[in-house]
Amino acid sequence: MTAAPMLFEWQEKAMSASTEEIEQTLKQDPTLSQIERREVFGLLGRWLGGALAGATVLKAGEALASSASTNSKRRHRYGMVIDTRRCVGCRACVVACKAENKTPPGVSYTVVVDHVVEPRIDDKPLFMTKPCFHCEHPPCTDVCPVSATYKRQQDGIVVVDYDRCIGCRYCMTACPYSARWFDFNENYPAVAEQTPYAAVPSPEYNQFRKREKGKSPVGNVRKCTFCLHLQDEKGEYNRAEGRWPACAKTCTGKAIHFGDLNDRNSEVYRLLRERTAIRLKEELGTEPNVFYLI
Ligand code: SF4
Ligand code: SF4
């Protein structure tokens, strides 16, 4: 059987069978090795909590063309291109993000999902770091009753206005990628014990808010901002100067590439032109600005 019909068959199974049933069937199927890595991605959605379901393969160049019409007036279109073949699952990005944004327990702007498929289809488990995708058409912003969360006109970054947010969490429900977190005022011991670490406020949005019970962002929804506080006054980042999203700056496997998808000279533009990529849940029309190379 060729790969495409086989994939279709497996997608059918994934729609109706339980996780255990699928894994059991996969173990018994000697033909799995014929399925190319990119095609297996669609199946993995079922096993990774639904976050990856509906991944559609974008051939080289298609990724850039797919949403070019929606951002022609924007100065920048910041996005990420994440190379799943380079990610080693070390989670340095998760730690770097926490250190940069000083997020409390229960709030993690990026996570790494992983899964091992048996029999092995590659030389390692599949790891995918998953920040907010800063979607072109973000369903999270549409549902906010007080317009506290919105997509910035100048660069497409989706933000939360902590002074407006009433903590209703509608946006968390609307996000199909589970990219939003609620701040329940939990604190790491270093903060609770009022150490010097606690005295340094988070630089998020360049607001440097002191962490105090009952005051924003406690009681707000929080999310990845592509570390926009590191932009200069023109709204630009600079990797050489260290003004670059913490996860991309720290990635040990050099899997996370960040940049302006509108810039034809950028690394992200080049990668999407040369490699095959996917975005998650394409069928929803959200048009994420985070792509995965496969
Ligand atoms: Fe909104 Fe979720 Fe898209 Fe981020 S990933 S822009 S939170 S819908
Ligand atoms: Fe808007 Fe805040 Fe409610 Fe989210 S939690 S929908 S940002 S008010």
Single unsatisfied condition, residue 109 versus (1) at pLDDT 95 or above; (2) in contact with a His (Cβ under 7 Å, 6 or more places away or on another chain): (2)
The range 118-229: helices (runs of 4 or more DSSP H) wholly inside it with 3 or more residues that are free of Cβ contacts under 8 Å to residues at least 40 places away in the same chain and within 13 Å of ligand 1 (Cβ to nearest atom) are 170-174
Just one of 223, 281, 234, 249 is closer than 22 Å to residue 161 by Cα and either away from ligand 2 (no atom under 16 Å from the Cβ) or in contact with a helix residue (DSSP H, G or I) (Cβ under 6 Å, 6 or more places away or on another chain) (or both); which is it? 234
The one condition residue 183 fails out of (1) within 26 Å of residue 258 (Cβ to Cβ); (2) away from ligand 2 (no atom under 11 Å from the Cβ) is (2)
Taking the range 78-93 and the residues there that are surrounded by 17 or more Cβ atoms within 10 Å (Cβ to Cβ) and of a type in the set (A, V, I, L, M, F, W, C), the one that is modelled with the lowest pLDDT would be 87
Quick one: which of 233, 287 is in a loop (DSSP other than H, G, I, E, B) and touching a His at 6+ places or on another chain (Cβ under 6 Å)? 287
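The values are calculated or read from the model by the stated rules, or taken from the named source; none is laboratory data. Here the structure is a predicted model, which is why all the values come from computation and not from measurement. Virtual Cβ from ideal backbone geometry, glycine too; neighbours counted across all protein chains shown.
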